[in-house]
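Pasting a structure here, questions to come.
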Amino acid sequence: MSDATGGLAHVAAGELDVEYADVGPRDGPAVLLLHGWPYDLHSFDDAAGMLAADGYRVLVPNLRGYGGTRFRSDDAVRNGEQAVFATDAVAFLDALGIGDVVVGGFDWGARTANVLAALWPERCRGQVAVSGYLIGSREANAQPLPPAAELSWWYQFYFATERGRLGYDRNREEFARLIWHTASPQWEFDEATFQRTAASFANPDHVDIVIHNYRWRLGLADGEAAHAELEQRLAARPTIAVPTITLEGDANGAPHPPAEAYRDRFTGPYEHREVAGGIGHDLPQEAPRAFADAIADVDAMARRAGESAGTAVHHGR
């Protein structure tokens, strides 16, 4: 995936110089796609192409700590708390002059889509979130889970140790390959697909961001004071009123909540879809047609909602 000029683009946005793909007509309705860990923007290669062919302008950034995205200052805190990815997304849209988007994502990206939809609904025409509602809090994370559920989070506890930090740093590719296999046990990805993304883990800030993210969740690392008010609002599990489609693969091997557990968090137009065929955690890459269709369908939901309310839908331009 590349932009229309044949390569990835860069833009200064907030704390970051963001590497991103920009595909489709520049005057098309804007779509923002957000990846998770341990993945990168290539998870959306096929889905972005499908959406661009349908007339959408598709923006796919590498998150902080991935690929060619870099901090603009050596003094910036390498922060991985949940709110910061949403403020990065807002800064990215501002830098490109984009008003509102349909946002879609999985893993960390789905959580960020949730945060955008909950706290910046004016920037979010609609959202597609794999595994539903993923906004969390450190208070909730302090509560123990049943042993079998705790086992599925083994890497979070590993990352809580300095041995875990060192082990991840030394074995970034092997770690990612293991997670890909366990999170998507029926996905037969080829080596070229894996290596295309694995290159993004060479980012000099990657380990710092990943380790801080998981330690912050457990209350083992502090967030930044600038984001404390946002995190307080997120800890209350805010509802989301923008049109939403949630997706779940039938073979997702990563920890994820059942759909009924988060249904009450979505108060606007809503649909949940199960995607069959051995589809795992990286649903946009494993089932790009289902993901792209959900983006287009939630955009149509937003148009219908706007028409019934008598308000205009601006399509990000």
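The values are calculated or read from the model by the stated rules, or taken from the named source; none is laboratory data. Just so you know, these numbers come straight off a predicted model, no measurement behind them. We place every Cβ from the backbone using ideal geometry, glycine too, and count neighbours over all the protein chains shown.
Go through the residues of segment 274-281 one by one and say whether even a single one is touching a Lys or Arg at 6+ places or on another chain (Cβ under 8 Å), within 12 Å of Ser131 (Cβ to Cβ) and surrounded by 15 or more Cβ atoms within 10 Å (Cβ to Cβ).
no
Can you report the number of residues in segment 128-151 which are more than 30 Å from Ala302 (Cα to Cα) and in contact with a helix residue (DSSP H, G or I) (Cβ under 9 Å, 6 or more places away or on another chain)?
7
Does segment 59-72 contain at least one residue that is over 27 Å from Phe159 (Cα atoms), of a type outside the set (Gly, Ala, Ser), at pLDDT 95 or above and assigned to a strand (DSSP E or B)?
yes
Considering every residue within segment 301-312, establish whether at least one is under 25 Å from Leu151 (Cα atoms) and either of a type in the set (Ser, Thr, Tyr) or surrounded by fewer than 18 Cβ atoms within 10 Å (Cβ to Cβ) (or both).
no
Pick from segment 160-193 the residues that are surrounded by fewer than 14 Cβ atoms within 10 Å (Cβ to Cβ) and hydrophobic (A, V, I, L, M, F, W, C): which of them is nearest to Pro38 (Cα to Cα)?
Ranking the qualifying residues of segment 160-193, first place goes to Leu178.
Six or more apart or on different chains, Cβ under 7 Å: which pairs go from a residue in segment 97-123 that's closer than 15 Å to His281 by Cβ to one that's charged (D, E, K, R) and modelled with pLDDT of 95 or more? Could you list them?
Pairs found: Phe106/Asp282.
So the check is Cβ under 9 Å with 6+ separation or different chains; which pairs have a first residue in segment 214-240 that's more than 25 Å from Gly268 (Cα to Cα) and a second one that's in a helix (DSSP H, G or I) and among the hydroxyl-bearing types (Ser, Thr, Tyr)?
Listed pairs, sorted by first residue: Tyr214/Tyr155; Tyr214/Tyr158; Leu220/Tyr214; Ala221/Tyr214; Ala226/Thr87; His227/Thr87.
Taking the options Arg125, Arg177, name whichever one is out of contact with any Leu (no Cβ under 9 Å at 6 or more places or on another chain), in a helix (DSSP H, G or I) and either at pLDDT 95 or above or under 30 Å from Val298 (Cα atoms) (or both).
None of the other options fit; the residue is Arg177.
From Asp17, Asp46, Asp27, which residue is in contact (Cβ under 8 Å) with a residue 24 or more places away in the chain and part of a strand (DSSP E or B)?
Asp17
Looking for something among the aliphatic types (A, V, I, L, M), over 22 Å from Asn141 (Cβ atoms), part of a helix (DSSP H, G or I) and more than 18 Å from the chain's Cα centre (by Cα) - is there at least one such residue anywhere in segment 306-316?
yes
Please go through segment 134-168 and pick out each residue that is under 19 Å from His256 (Cα atoms) and of a type in the set (Lys, Arg).
Arg138
Table: residues versus (1) over 16 Å from the mean Cα position of the chain (by Cα); (2) β-branched (Val, Ile, Thr).
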| position | (1), (2) |
| --- | --- |
| Tyr20 | no, no |
| Val31 | no, yes |
| Trp37 | no, no |
| Ser43 | no, no |
| Gly49 | yes, no |
| Ala52 | yes, no |
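Are any residues in segment 92-110 more than 23 Å from Ala302 (Cβ to Cβ) and either of a type in the set (A, V, I, L, M) or in a strand (DSSP E or B) (or both), and if so, which ones?
The one that is more than 23 Å from Ala302 (Cβ to Cβ) and either of a type in the set (A, V, I, L, M) or in a strand (DSSP E or B) (or both): Ala95.
Are any residues in segment 194-223 surrounded by fewer than 16 Cβ atoms within 10 Å (Cβ to Cβ) and over 19 Å from the mean Cα position of the chain (by Cα), and if so, which ones?
Gln195, Ala202, Pro204, Leu218, Gly219, Leu220, Asp222
Here is a further query. Only helices (runs of 4 or more DSSP H) wholly contained in segment 191-294 count here; list those with 3 or more residues that are hydroxyl-bearing (Ser, Thr, Tyr) and under 24 Å from Leu41 (Cα atoms).
Ranges flagged: none.
Another question about this same structure. Is one or more of the residues making up segment 168-181 under 20 Å from His212 (Cβ atoms), free of Cβ contacts under 8 Å to residues at least 24 places away in the same chain and over 13 Å from the mean Cα position of the chain (by Cα)?
Yes, segment 168-181 has at least one match.
For segment 54-74, how many residues are over 17 Å from the mean Cα position of the chain (by Cα), of a type in the set (D, E, K, R) and surrounded by 21 or more Cβ atoms within 10 Å (Cβ to Cβ)?
1
Which condition from (1) of a type in the set (A, V, I, L, M); (2) at pLDDT below 95; (3) buried (at least 18 other Cβ atoms within 10 Å of the Cβ) is the one that Ala4 breaks?
If we test Ala4 against (1) of a type in the set (A, V, I, L, M); (2) at pLDDT below 95; (3) buried (at least 18 other Cβ atoms within 10 Å of the Cβ), just (3) comes out false.
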